[in-house]
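The values are calculated or read from the model by the stated rules, or taken from the named source; none is laboratory data. Bear in mind the structure is a predicted one, so any value in this text is a computation, not a measurement. Ideal geometry is used to build each Cβ from the backbone, glycine not excepted, and the neighbour counts take in all protein chains shown. Protein only, heavy atoms only, side chains kept; ligands, DNA and RNA dropped before computing areas. Shrake-Rupley method; radii C 1.70, N 1.55, O 1.52, S 1.80 Å.
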Amino acid sequence: MISLADAERAAATLLEPAHYDFFAGGADDERTLRSNVDAFDRHRLLPRVLRGVGKRDLGVEVLGQPLSMPVMVAPTAFHRLAHPDGEVGTARAAAASGTVMILSMAATQPVEQVAATGVRLWFQMYVQPDRAFTERLVRRVEAAGCAALVVSVDSPVFGRRLRDLRHDFGDLPAGLACENMRESGTGPPRAVAFDAALDWSVVGWLRGITTLPIVLKGILHPDDARLAVGHGADAVIVSNHGGRQLDGAVASIDALPAVVEAVGGRLPVLLDGGVRRGTDVVTALALGAAAVAVGRPVLWGLTVAGEHGVRQVLELLRDDLDRAMVLCGADRVAALTRDVVHVGRCSW
Ligand SMILES: Cc1cc2nc3c(=O)[nH]c(=O)nc-3n(C[C@H](O)[C@H](O)[C@H](O)COP(=O)(O)O)c2cc1C
Ligand SMILES: CCCCC(=O)C(=O)O
């Protein structure tokens with residue numbers, strides 16, 4: 001496995017087709033899914049030379065937490081479908097790589113067990129219409145030691161994924177469940193609900209019940225970024241849910257600059273969607289992201305070799321990022337300024 005593309009190819013041969021398609025697929029015609037990757041391909045870099053970059057530091061700090069590199073693990077559902085190591089395996093790999101894992105509410109292992117690996121954990125949730133249950137879940141993830149709440153705001157309804165419909169993939173196989181949806185750790189799991197009635201007041205409600213930093217995931221419009229600041233969010237993630245929600249939504253990297261401008265440095269802006277190479281990370285950082293997160297590549301690594309495979313994927317990205325930075329003449333993330341990114345057709 002010498003590239004993330006290798007990881008996907010290998011995973012495709014190992015997974016049941018329905019499970020591969022659940023991980024790989026997007027909503028409807030998958031235009032946004034493709035755009036996330038294609039949009040990075042439209043960006044080109046203008047490297048600087050003779051900058052004395054013999055020693056590099058890839059570290060960043062996000063929400064007061066030091067990361068060894070600006071690449072985090074995005075929240076994705078059902079890791080035990082990929083490999084028996086499950087979320088615990090992913091967590092061990094993220095910890096070994098010195099980065100944060102965002103644990104999905106739809107994880108197939110309990111948050112306590114994942115946190116016990118020692119990884120720095122943020123917890124992703126869909127605020128449930130049953131607010132009392134949501135509050136108990138917040139208490140649970142606080143008690144487990146999670147350092148931030150990541151609230152997905154791009155899912156008032158669940159996107160329509162044709163691959164899943166064709167495979168009739170709906171339920172998890174016997175023995176797997178959304179472990180964080182169990183009321184007391186032992187009861188039957190509730191179904192994850194999507195609430196189209198949610199509005200901006202949910203941020204104030206969450207602020208009233210927890211002191212954890214609140215990260216809004218799924219911001220694309222600059223006005224929403226301003227609203228996030230105004231409502232007291234601590235960070236935003238520019239994301240279209242990996243093309244799994246609104247098909248036709250703008251590619252993440254194309255939405256980033258306007259969000260960064262709207263936020264004006266008042267809170268960190270993160271990005272996910274289509275990050276596959278070190279140069280993609282460089283592009284996002286140069287356009288103002290504080291860090292990026294990767295979703296599918298982690299699932300491919302997990303499928304191929306469990307914890308070890310995730311570690312390989314993260315270290316491939318680190319190595320790729322380091323080389324991209326040296327070649328751009330940057331010895332640290334702060335040296336990646338906007339002028340190194342060139343958008344548009346190359347005429348040479
Ligand atoms: C299989 C799969 C499951 C996902 N599950 C969740 C989830 O439970 N919660 C969430 O907020 N986002 C979820 N996402 C979206 C990711 O957090 C992220 O936005 C997206 O995967 C980033 O794009 P990438 O896969 O191109 O890196 C999921 C994505 C995939 C591919
Ligand atoms: C109830 C599972 C939610 C997973 C999710 O968000 C996704 O597949 O994109």
Exercise. Quick one: what pairs do we get from the stretch 231-249, first residue of a type in the set (D, E, K, R) and open to solvent by less than 10 Å² (accessible area, probe 1.4 Å), second within 7 Å of ligand 1 (Cβ to nearest atom) and assigned to a strand (DSSP E or B), C-beta under 7 Å, 6+ apart or different chains?
Worked result: none
Seminar exercise, completed: All-but-one check, residue 52 against (1) more than 16 Å from ligand 2 (Cβ to nearest atom); (2) open to solvent by less than 30 Å² (accessible area, probe 1.4 Å); (3) farther than 25 Å from residue 235 by Cα; (4) small (Gly, Ala, Ser), failing number (2)
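Conditions (1) open to solvent by 30 Å² or more (accessible area, probe 1.4 Å); (2) touching a strand residue (DSSP E or B) at 6+ places or on another chain (Cβ under 9 Å); (3) farther than 21 Å from residue 236 by Cβ; (4) not in a helix (DSSP H, G or I), marked per residue:
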| residue | (1), (2), (3), (4) |
| --- | --- |
| 280 | no, yes, no, no |
| 283 | no, yes, no, no |
| 292 | no, yes, no, yes |
| 300 | no, no, yes, no |
| 303 | no, no, yes, no |
| 307 | yes, no, yes, no |
| 310 | no, yes, yes, no |
| 322 | yes, no, yes, no |
| 330 | no, no, yes, yes |
Exercise. Considering only residues of the stretch 250-270 that are part of a loop (DSSP other than H, G, I, E, B) and more than 11 Å from ligand 1 (Cβ to nearest atom), which is least open to solvent (accessible area, probe 1.4 Å)?
Worked result: 267
For this session: Mind counting the residues in the stretch 109-138 that are open to solvent by less than 10 Å² (accessible area, probe 1.4 Å) and more than 16 Å from ligand 2 (Cβ to nearest atom)?
Result: 3
For this session: Scan the stretch 169-189 residue by residue and report those that are open to solvent by 70 Å² or more (accessible area, probe 1.4 Å) and in contact (Cβ under 8 Å) with a residue 60 or more places away in the chain.
Result: none
Problem set entry | Selection within the stretch 231-289 - within 16 Å of ligand 2 (Cβ to nearest atom) and acidic (Asp, Glu) | 247, 272
Problem set entry | Single residue of 157, 88, 127 found to be β-branched (Val, Ile, Thr) and within 20 Å of residue 212 (Cα to Cα) | 127
Exercise. With respect to the numbered conditions (1) exposed (fewer than 14 other Cβ atoms within 10 Å of the Cβ); (2) in contact (Cβ under 8 Å) with a residue 12 or more places away in the chain, which one is the sole condition not fulfilled by residue 334?
Worked result: (2)
Problem set entry | Output for the stretch 61-108, where each listed residue is in a strand (DSSP E or B) and either within 16 Å of ligand 2 (Cβ to nearest atom) or closer than 14 Å to residue 295 by Cα (or both) | 71, 72, 73, 100, 101, 102, 103
